[in-house]
Structures are given as structure tokens and as C-alpha cells.
Amino acid sequence: MHNNPLPRLDEHPEIRTQLLGFCRLKPGDIWVDPVFGHKVACMDASDARSIAALMGDDRAELAIHDPPYNLVAFETRSLDEYIAWSRRWVNATINATSPDSSLYFWLGADQRDHFQPLPDFMVMMREFPVQARSFITVRNQRGYGTQKNWMAVRQELLYYVRGNPVFNVEAEYTDIPKTLRGYYKDVGGERTENLERGKAETIRAGNVWVDIQQVFYRLEENVSGCYAQKPLKAIDRIIRASSNPGDLVIDFFAHSGTTLLAAEMAGRRCFTADIDPVFCELTIRRLEHYRRTGRTGWQNGHAFDKLLIDASRN
């Protein structure tokens with residue numbers, strides 16, 4: 001395994017500054033994929049005019065957003081400031097989606113600080129013309145250890161809809177076999193139990209996902225330098241459940257480019273954005289890397305490896 005990771009870029013601004021020299025986009029720029037028509041924009045998700053320029057006349061059937069929610073990623077905000085900022089990017093998102101669309105938002109709950117910002121965000125969402133559909137919990141394999149509290153092993157995912165969007169229930173089935181019997185009822189005059197009535201031999205994910213491996217350095221999909229990378233399997237599940245092939249997916253917090261890559265693999269277009277040129281470049285390079293090698297990440301290497309070596313020699 002190649003062992004040359006980038007450190008967390010939010011904690012090493014000097015490395016991030018060095019990487020800016022390799023970035024194709026500067027604030028306001030949009031990269032258009034010549035193969036499938038994806039877009040990557042260097043934009044502020046809360047800037048309505050910028051998002052409108054990215055979308056043009058297109059509207060998305062699915063939005064998947066993973067905003068910084070620990071309030072310390074590059075910029076510390078008070079809770080009120082965070083909610084005001086969230087209100088702007090949610091409004092921009094709704095304007096970018098079709099009347100029948102699904103919206104998924106990853107949002108954390110800091111148990112050390114009154115569970116912010118999750119409850120405040122949920123209350124704010126009542127202002128918008130959307131319907132809450134589910135509160136999904138993704139169970140991490142590894143947690144944040146503590147000897148004085150319950151170990152934190154969950155990630156929160158909020159699911160909202162506009163109108164009557166598609167939901168492909170077959171995407172919800174996992175690889176976990178059904179093992180528990182029970183829930184007997186009469187069907188056609190015969191007593192049956194749940195394993196006999198089921199349409200599949202495996203269980204559905206439901207709103208507690210226990211089969212998702214969080215990303216760490218030994219996984220091929222790992223993009224070192226990113227501090228909040230979401231697993232491809234989780235994003236793929238959302239895309240296949242809440243969109244159809246050819247649909248448009250949006251993600252205004254690109255970070256490691258997982259939504260763009262998952263959309264490419266599932267036959268959907270993706271318009272994604274990030275306020276930071278470095279993460280925009282990582283997103284583009286990850287797509288190009290996949291098309292060139294079939295690999296979904298750099299494991300414990302990184303996207304700028306050769307460039308930094310060549311720069312050090314010059």
C-alpha cells in the first residue's frame with residue numbers, strides 16, 4: 001500500500017496554500033465535464049446568484065448535501081450564524097430542484113454541546129415547502145471512544161421531499177440475510193411468518209444503516225486530506241433509491257467528490273460545488289482518476305503526489 005497521505009487540510013493551511021497552485025478553478029469558475037456533462041463549480045453554496053449560474057435552466061431530481069456541521073471547519077460560527085447561513089443554502093437548493101425531488105442533508109448533533117446544530121436545523125426546515133420523510137442513522141464501525149459516556153458511533157441523515165418524487169425501494173435492500181422469524185398472520189387462509197411473505201432473502205436498510213463501512217486509510221476510496229468523507233456505498237444507496245438513470249443530482253459541498261463519483265457510476269449527471277478551490281480540484285481529479293484507472297480513490301496516497309514531488313525538484 002502506497003503510504004504518502006495528505007494531512008487534514010483544515011488543520012494544515014500551509015499545505016492547502018501550496019496545493020492552490022495546482023487548482024484549475026478559482027472562485028466563480030465552473031468546470032464542465034466533456035464526457036458526461038457533470039459540472040464542478042468553485043462557489044459559495046449560500047450565494048443564490050452563484051448557484052443559479054451553476055444550474056442555468058436545469059433542475060435536479062435529487063440533492064445530497066454534507067455541509068460542515070461541527071462549526072469549526074475553516075470558520076467558526078455561532079449557532080445563530082450557522083442557522084442563518086443554512087437558511088440561505090437550503091433556499092438556494094430548493095430553487096435548484098424540481099417540483100418532485102428528494103433532499104438529503106447530513107447533519108451532526110454535538111452531544112458535548114446541547115446536540116447542536118441538529119435540532120435547530122430541523123426546526124428551521126419547517127419554514128420551507130418540503131415534507132420531512134425520514135431521520136436516518138448511519139452506524140459507524142468505529143466510534144469516538146470515551147470512558148464516561150456512551151461511545152458516539154452514529155451519523156445523522158435527514159430526508160425531505162418536494163412533491164411526489166421517485167423512491168426505488170429495491171435500492172434499500174442490503175446484503176444482510178433475514179434470520180429472525182416472527183410476525184405471523186393469515187394470508188389466503190394459511191398462517192405465515194415474515195420470512196415466507198418477504199420479497200427478498202435479505203433485509204432492507206430501513207432508517208438505521210448498519211452495513212456501511214466508514215472511510216479510513218486502508219480503503220481504496222479514501223481521499224486523504226479530507227476530514228468528513230462520506231462512504232460511496234451510502235451515497236450510492238441514496239442515488240439509486242431517490243433518482244433514476246439520467247437524472248440530475250446536486251451537491252453544493254463537494255469536499256472529496258463522493259457524490260460526483262457515485263453519480264458517474266450510477267449513470268446520473270451531477271452538478272457539484274465547493275467554496276474551496278482545493279476540494280474542487282480533488283473532486284475533478286477523483287473523477288479523472290476513476291476513469292483512467294477504475295479506482296475510486298488513492299487509499300493512503302493522494303491526488304497531488306507526483307505534482308508535489310516534481311515541484312520539490314524544481
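Read-outs: derived from the displayed coordinates by stated rules, not from any lab. Note that the structure is a prediction, hence the values are computed from the model and not measured. As a convention, Cβ positions derive from the backbone with ideal geometry for all residues, glycine included, and neighbour counts pool all protein chains shown.
Two decimals, Cα atoms only, Kirkwood Rh: what is Rg/Rh over the chain? The partial results should precede the final answer.
Numbers: Rg = 20.6 Å, Rh = 20.8 Å.
Result for the chain is an Rg/Rh of 0.99.
With a sphere of radius 14 Å drawn around the Cβ of Val123, what net charge do the other residues whose Cβ falls strictly inside it have (Lys, Arg +1; Asp, Glu -1)?
Working: positive: Arg87, Arg126; negative: Asp80, Asp120, Glu127.
Summing Lys/Arg as +1 and Asp/Glu as -1 gives -1.
So if I place +1 on the C-beta of Lys and Arg and -1 on the C-beta of Asp and Glu, and nothing else carries charge, what would the dipole magnitude of the chain be about its Cα centre? I want it in debye, nearest 20. Working shown, then result.
On the way: 39 positive and 41 negative charges, 115 e Å.
Charge dipole of the chain: 560 debye, to the nearest 20.
Given the pairs Lys148/Lys233; Lys233/Lys306; Lys26/Lys233; Lys39/Lys230, which are separated by over 24 angstrom at their Cα positions?
Values: Lys148/Lys233 32 Å; Lys233/Lys306 29 Å; Lys26/Lys233 30 Å; Lys39/Lys230 20 Å.
The pairs that break the limit, which is 24 Å between Cα atoms, are Lys148/Lys233; Lys233/Lys306; Lys26/Lys233.
Among 284-296, 84-96, how do they line up by average Cβ neighbours within 10 Å per residue, starting with the highest? Kindly include the intermediate steps, with their values, before the conclusion.
Working: 284-296: 16.0, 84-96: 18.4.
Descending packing order for the listed peptides: 84-96, 284-296.
Students often forget the sequence filter, so: which lysines lie under 18 Å Cα-Cα from Lys178 once same-chain residues fewer than 8 apart are removed?
Partners within reach: Lys199.
For segment 45-56, take each phi angle, set θ = phi - 60°, evaluate the Karplus expression 6.51 cos²θ - 1.76 cosθ + 1.60, and give the result in whole Hz per residue in order, putting x for glycine and proline.
Running phi through 6.51 cos²θ - 1.76 cosθ + 1.60 with θ = phi - 60° gives 4, 8, 8, 4, 5, 5, 5, 4, 5, 5, 6, x Hz.
Under unit Cβ charges (Lys, Arg +1; Asp, Glu -1), what dipole magnitude, rounded to 20 debye, does segment 103-179 have relative to its Cα centre?
On the way: 9 positive and 8 negative charges, 42 e Å.
Dipole magnitude for segment 103-179 comes out near 200 debye.
Which cross-chain or sequence-distant (5 or more) residues have an amide H under 5 Å from the amide H of Arg133, H modelled 1.01 Å from N in plane?
Residues meeting the amide H criterion: Tyr159, Tyr160, Val161.
Ser243's amide H: which non-local residues (gap 5+, or another chain) put their own amide H closer than 5 Å, with H modeled 1.01 Å from N in plane and none for Pro or chain starts?
Excluding prolines and chain starts, which carry no amide H, the hits are Asn168.
Which of Val210, Gly297, Tyr159 sits farthest toward the positive end of the charge dipole of the chain, with +1 on the Cβ of Lys and Arg and -1 on the Cβ of Asp and Glu?
Final value for the positive-end residue is Val210.
Which ³J(HN,Hα) values in Hz, rounded to whole numbers, follow from the phi angles of segment 264-269 under the Karplus curve 6.51 cos²θ - 1.76 cosθ + 1.60, where θ = phi - 60° and Gly and Pro get x?
In residue order, the calculated couplings are 4, 5, 9, x, 10, 7 Hz.
How big is the equivalent ellipsoid of segment 4-150 along its three axes, where each semi-axis is √(5λ) from the Cα gyration tensor, reported in whole Å from largest to smallest? It would help to have the intermediate numbers written out before the result.
Values: eigenvalues 149, 119, 47 Å².
Taking √(5λ) for each eigenvalue gives 27, 24, 15 Å, largest first.
Applying a 10 Å radius around every beta-carbon, put 29-40, 239-250, 265-276 in order of their mean neighbour count, most first.
Numbers: 29-40: 15.7, 239-250: 20.8, 265-276: 22.5.
The packing order, highest mean first, is 265-276, 239-250, 29-40.
Relative contact order, percent, of the chain when contacts are C-alpha pairs under 8 Å separated by at least 6 residues?
Numbers: 585 pairs, mean separation 75.9, N = 314.
Relative contact order comes out at 24 percent.
Taking K and R as +1 and D and E as -1, what net charge do the other residues with C-beta under 13 Å from the C-beta of Arg269 add up to? Don't skip to the answer; put the middle values down first.
Values: positive: Lys39, Arg59, Arg268; negative: Asp33, Asp58, Glu61, Asp247, Asp251, Glu264.
Local charge sum for Arg269: -3.
How are the alpha carbon pair distances in segment 236-314 distributed across 5 Å bins from zero to the largest one, expressed in percent?
3, 15, 22, 22, 18, 10, 5, 3, 2, 1
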